[in-house]
Amino acid sequence: MTYHLPAGEAADGPYAVDVTPESAGWGYSSLRVVRLPPGGSHTFDSGESEWIVLPLSGGCTVRATDESGEDTFELTGREGVFAGVTDFAYVPREARTTLTSSGGGRFALTGARCTRRLPARYGPASEVPVELRGTGTCSRQVNNFAAAGTFACDRLIAVEVLTPGGNWSSFPPHKHDEHRPGEESVLEEIYYFEFADHAGIPGLGYQRVSPSGRGGGTDVLAEVRDGDVVLIPDGWHGPSMAVPGHHMYYLNVMAGPEAERAWLISDHPGHAWIRDTWPEQPVDPRLPLYTAPERSA
């Protein structure tokens, strides 16, 4: 199994990225990225999965149809992942969804196989919790648009992480590949990367995944660039390293077999001590790169 998929290797049909449970060799998590030209549209069937339509750049209209009727959501979107928090739309399993974009753009479809059928809903950008995690060179920003406890899904958990150039995120290394009630949950995870360029020079970073002794013992040390994907069925993951001068973005998609939808992790015992140093250091002053817009009255 190849766990690092450079840009283009996970492409299929209309999708620049198409990671399914079948292609990943696991049971739940999916990610698609579709590019639409101005005036373009794309239709997909949910099947057994719930999905969130998340604009990476541009805006779109989302129309979800099922046996109970039709829901339509206008997504304002954003210029790009380093420009601001975006609104999004949730569409349930067993629905047909059409995206239409007058100006064109790129749209992530984050998915998870599920059993419950929840209603289609709109997620305003103003209600996305923006968290600053870590301090010093471990500082990063997390847009918790579909974190457990912030937006209702059956199994899907999805967040965006922005790491300033030169910083390390997903650190200390952590894992979620064992069922230990109240301490750790089993979650398959997808990382999708984008980078800020500088004077036209593309950015890059590095991603480490090391065996935890569970399952197949995933082992990855990858140089990652725009559009790359890393699959994490198990193992300690982190750090995610942004080279100096280039901010790193990654979209995390998680799902698994647990009855409770929760992100419960275990830190690597050799590196967990780094958390104790965080109160002694300030958060990187470059953060937040942006905040969620104010809620309208």
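The values are calculated or read from the model by the stated rules, or taken from the named source; none is laboratory data. From a predicted model like this one, the values you see are computed outputs, not experimental measurements. All Cβ positions, even for glycine, are placed from backbone atoms using ideal geometry, and neighbour counts span all protein chains on display.
Structure above, values below:
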{"read-out": "Which numbered condition T291 misses (of (1) under 20 Å from G134 (Cα atoms); (2) surrounded by 17 or more Cβ atoms within 10 Å (Cβ to Cβ); (3) of a type in the set (S, T, N, Q))", "value": "(2)"}
{"read-out": "Hits in segment 248-274 (condition: aromatic (F, W, Y) and crowded, with 24+ Cβ neighbours inside 10 Å)", "value": "Y249, Y250"}
{"read-out": "One residue from L75, L36 being farther than 28 Å from D177 by Cβ, touching an Asp or Glu at 6+ places or on another chain (Cβ under 7 Å) and of a type outside the set (G, A, S)", "value": "L75"}
{"read-out": "Sole exception among (1) surrounded by fewer than 20 Cβ atoms within 10 Å (Cβ to Cβ); (2) not in a strand (DSSP E or B) for V85, by number", "value": "(1)"}
{"read-out": "Count - residues of segment 248-271 that are assigned to a loop (DSSP other than H, G, I, E, B) and more than 30 Å from T115 (Cβ to Cβ)", "value": "4"}
{"read-out": "Condition met for R106 (modelled with pLDDT of 95 or more and part of a strand (DSSP E or B))", "value": "yes"}
{"read-out": "Criterion violated by A242 - all others in (1) under 19 Å from T163 (Cα atoms); (2) out of contact with any Phe, Trp or Tyr (no Cβ under 9 Å at 6 or more places or on another chain) satisfied", "value": "(2)"}
{"read-out": "Residue match in segment 276-285 (condition: in a loop (DSSP other than H, G, I, E, B), modelled with pLDDT of 95 or more, surrounded by fewer than 10 Cβ atoms within 10 Å (Cβ to Cβ) and not hydrophobic (A, V, I, L, M, F, W, C))", "value": "yes"}
{"read-out": "Residue count, segment 94-130 (criterion: within 27 Å of A24 (Cβ to Cβ), of a type outside the set (A, V, I, L, M, F, W, C) and touching a strand residue (DSSP E or B) at 6+ places or on another chain (Cβ under 9 Å))", "value": "13"}
{"read-out": "Residue in segment 129-146 that is part of a loop (DSSP other than H, G, I, E, B), under 17 Å from the mean Cα position of the chain (by Cα) and surrounded by 23 or more Cβ atoms within 10 Å (Cβ to Cβ) present", "value": "no"}
{"read-out": "Search result, residues across segment 237-271 that are under 14 Å from H176 (Cα atoms), of a type in the set (G, A, S) and touching a His at 6+ places or on another chain (Cβ under 7 Å)", "value": "G238, S266"}
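Okay, residues lined up against (1) under 16 Å from the mean Cα position of the chain (by Cα); (2) at pLDDT 95 or above; (3) surrounded by fewer than 14 Cβ atoms within 10 Å (Cβ to Cβ):
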| position | (1), (2), (3) |
| --- | --- |
| A16 | yes, yes, no |
| P38 | no, yes, yes |
| A64 | no, yes, no |
| G69 | no, no, yes |
